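Participant: Mind looking over this structure? Questions follow.
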Ligand code: GDP
């Protein structure tokens, strides 16, 4: 919680601080609602989410008649928490072994870093983990993943730079089966400049995994960089078309005043945020909790 609170200070100043100032000593008139929309707009929440939040708060104020600014903040907090609609059964590992996870997302969002953090996290919980460096397009990604593997004592399956991504994915699954691992985490490339190639490559990765394990991948994590705001959400749509994404990891919440973007994700992408990244270190991957998040942004 402290890491989240610390990491989200810029968003808290931008969003929570301004909202608090707005509700203190203001008349409930149209100006206030316009200013509220303006603040949410500047936090890059997207028109649909802004309209929803404003309408919901207006209705709550009308029916529940809060007397103080703090009461309004409480109402807003409730409305925001409901927006996340977090799944009630957040189990991560499929009973089938090995569980196979795929990391997808635009390059630079933090896929490789998150794969490394996941490996360390699951290893710490006592699971046998293996990593697959199938982001073969970016040579540095393979090295980066290797470093994460060394640091957390997790084996990394790799091939020469430029190798076929699907071949690395296949090798990883085979190695995971042969060595009785609990979990295989496979990194992938996210070059957006050629959307058709990207989709075909990802679909091929999924196909070769399913040759060994028809039910897999058990989790497909779509990694989104919070600093990219609405633009990042638009880019993320490409991945939803290509593969069956199961959950979102929202990274770089520590580097941005745009952390409010989390509020838009469920409505816009139809998927829950399951983890957030608040830094580059291994301990900076946190399970997402709507209450803590809303407290961290509203203060
Ligand atoms: P990929 O291309 O999607 O695999 O992205 P990388 O994993 O290489 O990450 C790109 C950069 O973002 C690296 O410098 C990471 O250290 C950094 N990064 C990843 N996640 C976070 C995060 O949660 N917070 C911060 N501040 N940086 C992050």
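The values are calculated or read from the model by the stated rules, or taken from the named source; none is laboratory data. Since we're looking at a predicted model, the values are computed, not measured. Neighbour counts are summed over all protein chains in view; Cβ atoms, including those assigned to glycine, are modelled from backbone coordinates with ideal geometry.
Participant: Does any residue of the stretch 231-240 turn out to be touching a helix residue (DSSP H, G or I) at 6+ places or on another chain (Cβ under 7 Å), within 11 Å of the ligand (Cβ to nearest atom) and touching a residue at least 24 places away in the same chain (Cβ under 8 Å)?
Facilitator: no
Participant: Being under 13 Å from the mean Cα position of the chain (by Cα) and farther than 24 Å from residue 100 by Cβ is the filter here; which residues of the stretch 226-253 pass it?
Facilitator: 226, 227, 228, 229, 232, 233, 252, 253
Participant: Can you pull out the residues in the stretch 201-230 that are assigned to a helix (DSSP H, G or I), under 27 Å from residue 146 (Cβ atoms) and more than 13 Å from the ligand (Cβ to nearest atom)?
Facilitator: 201, 202, 203, 204, 205, 206, 207, 208, 209, 210, 211, 212
This table checks each residue for (1) closer than 16 Å to residue 222 by Cα; (2) more than 9 Å from the ligand (Cβ to nearest atom).
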site	(1), (2)
254	no, no
268	yes, yes
282	no, yes
286	yes, yes
289	no, yes
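Participant: Please work out if residue 245 is outside any helix (DSSP H, G or I), more than 15 Å from residue 135 (Cβ to Cβ) and within 16 Å of the ligand (Cβ to nearest atom).
Facilitator: When the stated conditions are applied, residue 245 passes them.
Participant: List the number of the failed condition for residue 107; all other conditions in (1) touching a strand residue (DSSP E or B) at 6+ places or on another chain (Cβ under 7 Å); (2) within 13 Å of the ligand (Cβ to nearest atom); (3) at pLDDT below 95 hold.
Facilitator: (1)
Participant: While we're looking at this one, here's another question. Would it be correct to say that residue 100 is under 30 Å from residue 129 (Cβ atoms), modelled with pLDDT of 95 or more and not in a loop (DSSP other than H, G, I, E, B)?
Facilitator: yes
Yes or no, residue by residue, for (1) outside any helix (DSSP H, G or I); (2) farther than 28 Å from residue 238 by Cα:
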residue: 95; (1), (2): yes, yes
residue: 112; (1), (2): no, no
residue: 130; (1), (2): yes, no
residue: 133; (1), (2): yes, no
residue: 147; (1), (2): no, yes
residue: 163; (1), (2): yes, no
residue: 171; (1), (2): no, no
residue: 177; (1), (2): no, yes
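Participant: Same structure, new question: Any idea which of (1) outside any loop (DSSP other than H, G, I, E, B); (2) out of contact with any strand residue (DSSP E or B) (no Cβ under 6 Å at 6 or more places or on another chain) is the one residue 191 doesn't satisfy?
Facilitator: Among (1) outside any loop (DSSP other than H, G, I, E, B); (2) out of contact with any strand residue (DSSP E or B) (no Cβ under 6 Å at 6 or more places or on another chain), residue 191 violates only (1).
Participant: Please determine, by comparing only the residues of the stretch 270-280 that are at negative phi and crowded, with 19+ Cβ neighbours inside 10 Å, which one is farthest from the ligand (Cβ to nearest atom).
Facilitator: Among residues in the stretch 270-280 that are at negative phi and crowded, with 19+ Cβ neighbours inside 10 Å, the one farthest from the ligand (Cβ to nearest atom) is 273.
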